[in-house]
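The values are calculated or read from the model by the stated rules, or taken from the named source; none is laboratory data. Keep in mind the model is a prediction, meaning the values are calculated, not measured. Neighbour counts are summed over all protein chains in view; Cβ atoms, including those assigned to glycine, are modelled from backbone coordinates with ideal geometry.
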Amino acid sequence: MSAGPSLSSAPCDSPGRETSLLLKKIRSGKMETAEKTARTPGSGAIQLGEILSQFSAAFFDETNCRTWILRQLHPHGAKCPSCGAELQGKSEKSFWENRRIHCSRCKNWFTALSKTAFSSVHMPFSKMMLVGLMFALGQPVRLIATMAESNRNTVRGWRRRFLCSGDSR
């Protein structure tokens with residue numbers, strides 16, 4: 001049974017979808033968020049070398065993973081993903097803890113993962129880190145599913161979601 005194509009040659013599976021910045025960055029050794037907003041070079045990038053340089057058993061601590069992932073996704077600080085209002089005080093603290101926040105400006109509810117490739121993904125940050133690392137290393141779906149204690153179809157969905165822009169949610 002085939003585990004599917006490797007990431008280095010895996011195109012998105014639907015016509016008209018462009019390869020996301022994430023896939024391009026993984027191919028060049030850097031992982032990029034799949035947000036649709038324009039970013040300046042170097043901002044919001046998750047670099048494989050950074051993960052590997054900090055890698056140890058303690059790296060997969062849930063708090064360490066949450067902090068690291070959220071800081072990579074939001075290098076310019078805690079802001080409302082709908083209106084861009086900067087968060088302060090209790091709202092900012094809740095943002096970095098990935099709790100639900102109500103924006104006082106636009107009245108929307110959100111978390112730090114809203115409007116990112118991880119939006120509506122319900123898994124621990126340590127598992128996100130493990131899955132992302134294994135995708136970046138080009139590991140087969142079967143192995144990733146085993147390591148993440150998930151089924152292969154779920155892992156294939158994560159790969160499409162994290163690596164292809166324009167996915168419907």
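Every residue, every condition in (1) modelled with pLDDT of 90 or more; (2) within 17 Å of Ile69 (Cβ to Cβ); (3) within 11 Å of the chain's Cα centre (by Cα), yes or no:
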position: Gln88; (1), (2), (3): yes, no, no
position: Arg99; (1), (2), (3): yes, yes, no
position: Arg105; (1), (2), (3): yes, no, no
position: Trp109; (1), (2), (3): yes, no, no
position: Val121; (1), (2), (3): no, yes, yes
position: Pro124; (1), (2), (3): yes, yes, no
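Of the conditions (1) surrounded by 14 or more Cβ atoms within 10 Å (Cβ to Cβ); (2) not in a helix (DSSP H, G or I); (3) not acidic (Asp, Glu), Thr67 satisfies every one except a single condition; which number is it?
All conditions are met except number (2).
Mind checking which pairs have a first residue in the range 58-70 that is within 12 Å of Leu130 (Cβ to Cβ) and a second that is not in a helix (DSSP H, G or I), Cβ under 8 Å, 6 or more apart or different chains?
Correct list of pairs: Glu62/Pro124; Cys65/Pro124; Ile69/Ile46; Ile69/Phe118.
I'd like the full set of residues that are within 14 Å of Lys127 (Cα to Cα) and of a type in the set (Val, Ile, Thr), limited to the range 140-163.
If the condition is that a residue be within 14 Å of Lys127 (Cα to Cα) and of a type in the set (Val, Ile, Thr), then Ile144, Thr146, Thr154, Val155 are the ones that fit.
Please go through the range 97-148 and give me each residue that is closer than 24 Å to Thr63 by Cβ, assigned to a helix (DSSP H, G or I) and of a type in the set (A, V, I, L, M), ordered by number.
Passing the criteria: Met128, Met129, Leu130, Val131, Leu133, Met134, Ala136, Ile144, Met147, Ala148.
When you scan the range 116-154, how many residues do you find that are among the hydrophobic types (A, V, I, L, M, F, W, C) and under 25 Å from Arg99 (Cα atoms)? Please lay out each step first, then the result.
At the first step, the residues of the range 116-154 found to be among the hydrophobic types (A, V, I, L, M, F, W, C) are 117-118, 121, 123, 125, 128-131, 133-137, 141, 143-145, 147-148.
In the following step, the residues that additionally are under 25 Å from Arg99 (Cα atoms) were identified as 117-118, 121, 123, 125, 128-131, 133, 148.
Adding up the residues that qualify gives 11.
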